[in-house]
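A short worksheet on the structure shown next.
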Ligand SMILES: N[C@@H](CCC(=O)N[C@@H](CS)C(=O)NCC(=O)O)C(=O)O
């Protein structure tokens, strides 16, 4: 059985919860309190030198970091990672987009808005983060025009990667009401078999 080191408050960790549930794979969850520095202990750094969760540990003791790499590993051979070469690369395209153009703005804005005190100086970053995050949401909304999911071939790990922080964007101060295609897509993802909602 695999072990996931993660925290329930993280969208990057929630990606794994959702995929593991939908693949009906059993796993052990080890909650890591990142606010208490538990991802920076010598023991944890020995498993992931980058000091971040999520982290997947296989029964062999081998470890894999980076949420979207873990999604690819776990989804291998399933319908959620397309076998077709181009469609598979398109799944990666949207997952790289998530990590470069979406998560750094929406997840960071969520972290500041939800977890830092209102008088924290990092609140000054929010206007720029929201501007860049809105640009990413506009790209997603355009892709979802006339499509049920991000890929023409259907629901995939690309949707899981982008759902993780988009579904909670309102808590980061984003107004999704102008993104009708995203709102409809969020409902379609929630309606997929064995969907599990993020609890925090
Ligand atoms: N690109 C990484 C980002 C991982 C990441 O930033 N994890 C955060 C939680 S969402 C973390 O572990 N923060 C604790 C720390 O930096 O000490 C991924 O997708 O897995």
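Can you spot a residue in region 42-62 that is within 13 Å of the ligand (Cβ to nearest atom), within 26 Å of residue 125 (Cα to Cα), touching a residue at least 12 places away in the same chain (Cβ under 8 Å) and assigned to a helix (DSSP H, G or I)? No; the residues of region 42-62 include none that is within 13 Å of the ligand (Cβ to nearest atom), within 26 Å of residue 125 (Cα to Cα), touching a residue at least 12 places away in the same chain (Cβ under 8 Å) and assigned to a helix (DSSP H, G or I).
Residue 9 meets the conditions (1) within 10 Å of the ligand (Cβ to nearest atom); (2) free of Cβ contacts under 8 Å to residues at least 40 places away in the same chain; (3) in a loop (DSSP other than H, G, I, E, B) in every case but one. The failed one is (2). Beta carbons closer than 9 Å, at least 6 apart along the sequence or on distinct chains, pair a first residue in region 189-200 that is touching a residue at least 40 places away in the same chain (Cβ under 8 Å) and at positive phi with a second that is in a loop (DSSP other than H, G, I, E, B) and surrounded by 10 or more Cβ atoms within 10 Å (Cβ to Cβ) for 194/23. Residue selection: residue 74 satisfies the criterion of being surrounded by 19 or more Cβ atoms within 10 Å (Cβ to Cβ) and in contact with a strand residue (DSSP E or B) (Cβ under 8 Å, 6 or more places away or on another chain).
Read the figures in this text as sums done on the coordinates, not as results from a lab. Nothing here was measured: the structure is a model prediction, and the numbers come from that model. Positions of Cβ are generated from backbone atoms using ideal geometry, with glycine treated the same way; all protein chains shown enter the neighbour counts.
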